[in-house]
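Everything below concerns the one structure shown next.
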Number of protein chains: 4
Amino acid sequence: MDYRYRLDMKVRDYECDIQGVVNNGVYMNYLEHARHEFLLHEGIDFAELARQKINLMVIRAELDYKLPLVTGDHFWVGVNVVQSSKVRFDFLQDVYRAADNKLMLRAKITGTAVNERGRPFMPEQVASLALPQPEAVE
Amino acid sequence: MDYRYRLDMKVRDYECDIQGVVNNGVYMNYLEHARHEFLLHEGIDFAELARQKINLMVIRAELDYKLPLVTGDHFWVGVNVVQSSKVRFDFLQDVYRAADNKLMLRAKITGTAVNERGRPFMPEQVASLALPQPEAVE
Amino acid sequence: MDYRYRLDMKVRDYECDIQGVVNNGVYMNYLEHARHEFLLHEGIDFAELARQKINLMVIRAELDYKLPLVTGDHFWVGVNVVQSSKVRFDFLQDVYRAADNKLMLRAKITGTAVNERGRPFMPEQVASLALPQPEAVE
Amino acid sequence: MDYRYRLDMKVRDYECDIQGVVNNGVYMNYLEHARHEFLLHEGIDFAELARQKINLMVIRAELDYKLPLVTGDHFWVGVNVVQSSKVRFDFLQDVYRAADNKLMLRAKITGTAVNERGRPFMPEQVASLALPQPEAVE
């Protein structure tokens, strides 16, 4: 699969639970961090928008857990984005173990943007993310 | 909606992010805790099973974020469970703000159980969770 | 020991690490939550102050780890506070396992308050915390 | 200051709280990760030791918070270690903002090692960490 953005990370011991694997909830952190780094890379600063009272919000998350990351694993998160409605965009985010490029987790995170009064508000720079999806090459 | 189990909780300040709301990933923690407390209530000890090398695993999570919890909010998590295949069960978990019983998050967490060799293995006490879904009464 | 405030809590599985015990860093979360609940109980709202650009800040933390909490443990946090200088107060916070009231962790968290320009600023309601230390009765 | 080990990191948005700064407790995570990476660099695998029922444990932590890291900050953690008793070692860990090498946090984390029965047990490779402290050059 081709991705518009890729972030390399490494599992930290405190992220692992009593089963010795990365806790399920931690993947949400990985995905958020990769998404915000991707946005930053595209000139969109999540924190700066929050200060301007424009909140990028997640409204739906779908995660398919394939294999568990364990302590010490290097991994990377691939990010694509498609516009799914006038005010919604889907982030397609996949987590791969670096050692063998094996798919660990597949996620679709649907987001929107709202202004100070909670109304849908699409900042221009976010709207411009809505480019045609890159050709998926397995 | 009727639930087989209900857990009362309160938002902690460290769970809130720069937007002033509970961070998206934290709901996975809430849901896991409510799930494990529910299992314990049904006589199933997640940690004890982990020590026996039987791992209850999440294989899919679907979360619909309706409204954000904020600092200081009291809330409760309702839990139901249905068997979705021979070796899979779906936890239907909803998060409600206590002040007005407003739905904040709706989630479906699909789990399975594997033994030491990673093979599907359904402990008897987990299988017994597979009761017919309670009548949903809105 | 006598405490001005006591908060009952329970270990959550996601707070435990690969050693099967509550991760060291998680105690900082427990202590913060107990401190904020104590402040709220005294009429001081950490989050509301933050919105008013008055930030209660930790400037030093000392933690003595005695025994580890494990999954399923019920515990409670005792809180006392003493003024240690004109603009500083020490929170004396101890964590006890509920089953046997055994001391798990002893902590001293030193805090101060700063205004929007980062200058020490002691809100009246915080200053009023500076009561003489309660008689310690073992 | 000279350090035996240095780890470069970046603040992640989910680590920041409603004050817009890295939450106090998160520094414990940073310090643990830097410590474990340092140990790994010295040939000591925390997770592997845990599997062998040899637990490296923190028994005391002292943290001096100087300045807060904020969202987007790059930073690095410097690590030194000194033996403070037959079975204890002190990790001297400092956190610097990368942009200006300003000291953000100074920490001393005291650790020990215990075996399966909870008795102090110093693995050879850990004992070998007890080298004379490097010359501190400000």
I'd like the full set of residues that are over 17 Å from A:M9 (Cβ atoms) and in contact (Cβ under 8 Å) with a residue 60 or more places away in the chain, limited to region A:56-95. A:L56, A:N80, A:V81
Has region C:43-51 got at least one residue that is in contact with a helix residue (DSSP H, G or I) (Cβ under 7 Å, 6 or more places away or on another chain), of a type in the set (A, V, I, L, M, F, W, C) and closer than 15 Å to C:V22 by Cα? no
Go through (1) within 13 Å of chain A (Cβ to nearest Cβ); (2) part of a helix (DSSP H, G or I); (3) surrounded by fewer than 19 Cβ atoms within 10 Å (Cβ to Cβ) and name the single condition B:K53 misses. (2)
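Starting from residues that are away from chain D (no Cβ under 13 Å) and surrounded by fewer than 21 Cβ atoms within 10 Å (Cβ to Cβ), keep the ones in region A:69-81 and report whichever is farthest from B:A113 (Cα to Cα). Write out each step before concluding.
Pass one, region A:69-81, residues away from chain D (no Cβ under 13 Å): A:75-76, A:78-81.
Cutting the leftovers down to surrounded by fewer than 21 Cβ atoms within 10 Å (Cβ to Cβ) gives us A:76, A:78, A:80.
Details: A:W76: 27, A:G78: 28, A:N80: 32 Å.
The extreme case among them is A:N80.
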Before we move on, is B:Q19 in a loop (DSSP other than H, G, I, E, B), out of contact with any Gly (no Cβ under 8 Å at 6 or more places or on another chain) and modelled with pLDDT under 95? yes
As an exercise: evaluate C:R6 against (1) modelled with pLDDT of 95 or more; (2) of a type outside the set (D, E); (3) surrounded by 17 or more Cβ atoms within 10 Å (Cβ to Cβ) and give the number of the one condition it does not meet. (3)
Working only within region A:1-12, note down all residues that are of a type outside the set (A, V, I, L, M) and more than 10 Å from every other protein chain (Cβ to nearest Cβ). A:D2, A:Y3, A:R4, A:Y5, A:R6, A:D8
Breaking point among (1) in contact (Cβ under 8 Å) with a residue 40 or more places away in the chain; (2) closer than 26 Å to D:N29 by Cα; (3) of a type in the set (S, T, Y), for C:Y5: (2)
Name the pairs: first residue in region C:17-29 and on the phi > 0 side of the Ramachandran plot, second residue of a type in the set (A, V, I, L, M, F, W, C) and outside any helix (DSSP H, G or I), Cβ to Cβ under 9 Å, at least 6 apart or on different chains? C:G20/A:I18; C:G20/C:V70
From the residues in region A:13-46 that are of a type in the set (V, I, T) and more than 13 Å from D:E15 (Cβ to Cβ), which one is nearest to the other protein chains (Cβ to nearest Cβ)? A:I18
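Please verify whether A:F89 is away from chain B (no Cβ under 14 Å), surrounded by 19 or more Cβ atoms within 10 Å (Cβ to Cβ) and of a type in the set (F, W, Y), treating the condition exactly as stated.
Values: away from chain B (no Cβ under 14 Å): yes; surrounded by 19 or more Cβ atoms within 10 Å (Cβ to Cβ): yes; of a type in the set (F, W, Y): yes.
It is true that A:F89 is away from chain B (no Cβ under 14 Å), surrounded by 19 or more Cβ atoms within 10 Å (Cβ to Cβ) and of a type in the set (F, W, Y).
The values are calculated or read from the model by the stated rules, or taken from the named source; none is laboratory data. The structure displayed is predicted, hence computed values, not measured ones. Neighbour counts are summed over all protein chains in view; Cβ atoms, including those assigned to glycine, are modelled from backbone coordinates with ideal geometry.
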